[in-house]
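Have a look at the structure below, then the notes.
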Amino acid sequence: MKRITVEDAETKSPDVVAENVEQLKMLFPEAFTEGKVDFEVLKQLLGGVVEEREEKYGLNWHGKRRARQLALTPSTGTLRPCPEESVDWDTTRNLMIEGDNLEVLKLLQKSYSRKIKVIYIDPPYNTGRDFVYPDDFQDNIRNYLELTGQIGNNGHKISSNTDASGRFHTNWLNMMYPRITLARNLLRDDGVIFISIDESELQNLVCLCDHIFGSECAIGIACRIAKKSNNKGDYWAPNFDYIVTYARDKSYTAPFSGGVNTPAYDQVEVDGPRKGELYQLVRLYMSTIENQNPDQRFWIECPDGSKVIPPGETFPPERPKLGDGIWRWTKSKFEAERERIVIKQVRSSNLLDQDRQPAKWNVFTKTYLNDVLANATSKPNNLIEDHINQIGSHEMTALGIPFDYPKPSTLIKFLCEVSQSRGEDVVLDFFAGSGTTGDAVMAKNAEDGGRRRYILVQLPEPLDHAEAGQKDAAEFCDRLGKPRNIAELTKERLRRAGKKIREENQMFAGDLGFRVFKLASSNIRSWEPNRDDLPTTLHDSIEHLKTDRTEQDILFELLLKLGLDLTIPIEQKTIAGKAVHNIGAGTLLVCLAEKIAVAEVEPLALGIAAWHKELAPAGETTVVFRDSSFADDVAKTNLTAILQQHGLDNVRSL
């Protein structure tokens with residue numbers, strides 16, 4: 001039974017460098033000598049694609065190499081679950097993660113690699129105000145805890161980035177580079193990232209994204225009207241910002257579409273193969289359709305036995321004249337798609353009955369939103385006019401939450417629509433701010449019946465009651481009895497927005513909850529010997545897991561390390577008096593009992609083996625125990641042997 005330690009690679013986020021080296025070794029084994037890359041050989045193998053010139057086009061700045069290293073350095077942190085701060089913990093598939101987004105992005109690499117359809121971020125604009133996330137290359141977890149006041153006397157202020165620093169653009173690029181690099185890894189092959197930015201860093205951001213994604217993956221830049229009027233600025237009064245857009249792989253990314261009036265699809269299919277889908281009723285007869293096909297003029301029988309037909313001078317079987325009304329469908333299509341036909345009694349109809357009198361019925365077809373979205377061909381304009389900041393401010397006011405400069409949720413809904421996000425697509429925002437993206441995803445699902453999920457990441461940046469722009473927000477947190485930080489505003493906005501959406505959409509049964517997780521150091525103790533007092537060090541290391549952590553904390557760290565979704569169902573069963581957790585339909589079986597007596601080893605092992613057989617998972621199963629729970633090594637060895645006899649070879653201990 002192998003013991004998992006904090007130094008093990010699998011207890012950290014993925015080591016991107018090691019993975020890249022392994023891929024390179026598979027492609028070019030000749031370029032490796034004694035485990036190291038021979039660049040001269042590699043250049044020869046790559047031939048003419050190697051750039052030999054000293055002067056090259058590109059974006060360079062002081063700290064770029066270190067910023068690249070930050071993206072490649074694994075995190076030793078974890079995400080601790082907080083059910084008490086969540087909504088619908090047991091059923092929701094949405095995530096709100098409180099923490100430094102650089103560390104969180106590293107921790108999400110295994111579980112969400114190539115699973116994100118849409119990323120939207122509204123990073124801090126480089127205006128000289130507080131924004132720089134000071135990344136400590138040696139210990140970013142400790143840096144984060146100090147920053148947010150979780151250790152030490154006071155959380156230190158996020159440093160301002162002023163022109164006087166001499167590295168105005170450099171600091172911003174060093175902050176953005178590793179985060180966008182990690183974000184790209186999470187995008188699906190057809191995934192898209194939208195980045196809101198103003199003109200201060202627009203050119204640098206484009207160069208940065210060209211470097212990370214490749215210029216061939218650039219989709220374009222949209223200009224968004226942010227304000228209808230503004231009197232600021234020395235020369236031009238700035239009224240707009242930009243949305244820089246890139247694909248992970250443009251060859252997989254569907255063309256954008258726009259112009260669908262989603263709210264018009266206000267009916268929900270109640271049964272059949274399309275149960276739950278949204279549709280609208282469209283009249284089968286429209287006066288604007290020219291009479292060109294006699295097969296489109298025929299009688300339709302109504303529920304009371306009467307018949308109806310579009311207005312005209314001739315009637316079947318007589319051939320229609322020019323000017324006679326016709327249906328949108330031929331008779332053969334009408335018969336083939338009867339399940340889409342709805343005949344309703346109406347006050348006024350433009351149809352005729354069999355007596356050539358105005359009919360009491362009208363005929364409609366169900367037009368499904370999903371079909372319209374799949375076949376939409378109109379392209380959205382790259383001048384976005386209908387989603388100004390004032391809408392975002394009104395939304396926050398309606399929810400009773402003070403927050404400066406929130407983006408409107410209508411903008412995020414628009415971006416989800418144009419990028420053809422639907423179904424169970426995952427939308428990520430790692431500069432979550434007030435939680436606009438989460439609000440937008442829930443509202444969009446309520447509109448079109450989608451099941452999109454969101455992942456939000458927000459730094460619990462302290463709110464300073466003494467600052468005018470933060471005073472109201474700080475007092476709001478006080479009234480809630482919550483810590484004074486932005487992440488608390490994010491969570492409260494999600495709670496109130498979900499409740500509002502439920503009230504306004506009584507028929508919507510979708511997911512309006514979210515699971516809260518918080519960034520923390522690993523649950524597994526690292527080996528930090530005190531050479532002046534080795535006996536005490538050895539005694540303290542008997543228990544491998546931190547004593548202030550819960551069983552649930554440890555379970556979710558295992559999910560991250562094994563690359564499982566943080567919303568995956570977890571089932572618990574008592575076997576031989578011990579709680580055993582089944583995660584992912586048998587992918588992971590975990591028993592974290594503090595004591596397993598010698599007499600309990602066999603019934604526990606046999607019970608786990610029997611449950612595993614009942615679950616019959618498709619792939620390999622990992623079984624994990626607490627290392628300190630066994631009375632001795634013999635008990636541990638016996639349990640491992642019994643499990644292996646029943647096909648459970650991958651047995652680990654914490």
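Can you tell me which residues in segment 193-209 are without any contact (Cβ under 8 Å) to a residue 60 or more places away in the chain and in contact with a Phe, Trp or Tyr (Cβ under 9 Å, 6 or more places away or on another chain)?
Glu199, Leu202, Leu205, Cys209
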- Hey, any hits in segment 321-332 for a residue that's outside any loop (DSSP other than H, G, I, E, B) and touching a residue at least 40 places away in the same chain (Cβ under 8 Å)? yes
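Please report, ordered by residue number, the strands (runs of 3 or more DSSP E) entirely within segment 165-284 with at least 1 residues that are at pLDDT below 90.
Values: elements: 187-197, 218-225, 240-247, 278-283.
Output list reads 278-283.
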- Query: Assuming Thr288 fulfils every condition listed in (1) out of contact with any Phe, Trp or Tyr (no Cβ under 7 Å at 6 or more places or on another chain); (2) buried (at least 18 other Cβ atoms within 10 Å of the Cβ) apart from one, which condition is it?
  - Reply: (2)
- Does Asp548 qualify as being at pLDDT 85 or above, closer than 30 Å to Phe625 by Cα, surrounded by fewer than 17 Cβ atoms within 10 Å (Cβ to Cβ) and more than 25 Å from the chain's Cα centre (by Cα)? yes
- Looking at (1) surrounded by fewer than 15 Cβ atoms within 10 Å (Cβ to Cβ); (2) over 30 Å from Arg224 (Cα atoms); (3) of a type in the set (Lys, Arg), which is the one condition that is false for Lys379? (2)
- Item | Among (1) over 24 Å from the mean Cα position of the chain (by Cα); (2) farther than 30 Å from Ser306 by Cα - the single one Pro358 does not satisfy | (2)
- Item | Considering residues of segment 291-307 that are within 50 Å of the chain's Cα centre (by Cα) and part of a strand (DSSP E or B) only, the residue surrounded by the fewest Cβ atoms within 10 Å (Cβ to Cβ) | Glu301
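Give segment 312-330 a look and list any residue that's more than 18 Å from Val282 (Cβ to Cβ) and in contact with a Ser or Thr (Cβ under 9 Å, 6 or more places away or on another chain), or say none.
From segment 312-330, those more than 18 Å from Val282 (Cβ to Cβ) are 312-324; that's our starting set.
Passing the criteria: Pro320, Lys321, Asp324.
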- Message: I'd like to know if segment 458-472 contains one or more residues that are buried (at least 23 other Cβ atoms within 10 Å of the Cβ), modelled with pLDDT of 90 or more and under 17 Å from the mean Cα position of the chain (by Cα).
- Response: yes
- Message: Residue pairs, Cβ under 7 Å, 6 or more apart or interchain, first in segment 271-292 and more than 18 Å from Lys321 (Cβ to Cβ), second in a loop (DSSP other than H, G, I, E, B) and among the hydroxyl-bearing types (Ser, Thr, Tyr). List them.
- Response: Leu278/Tyr265; Tyr279/Tyr265; Gln280/Tyr265
- Tell me which of these Phe517 doesn't satisfy, since it passes every other one: (1) assigned to a loop (DSSP other than H, G, I, E, B); (2) among the aromatic types (Phe, Trp, Tyr); (3) modelled with pLDDT of 95 or more. (1)
- Query: Checking Ile391 against (1) assigned by TED's automatic domain parsing to the domain that holds Phe256; (2) in contact (Cβ under 8 Å) with a residue 24 or more places away in the chain; (3) closer than 25 Å to Asp266 by Cα, which test does it fail?
  - Reply: (2)
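The values are calculated or read from the model by the stated rules, or taken from the named source; none is laboratory data. All of these numbers come straight from a predicted model, not from anything done at the bench. Counting neighbours? That spans all protein chains shown, and the Cβs are built from the backbone with ideal geometry, glycine included.
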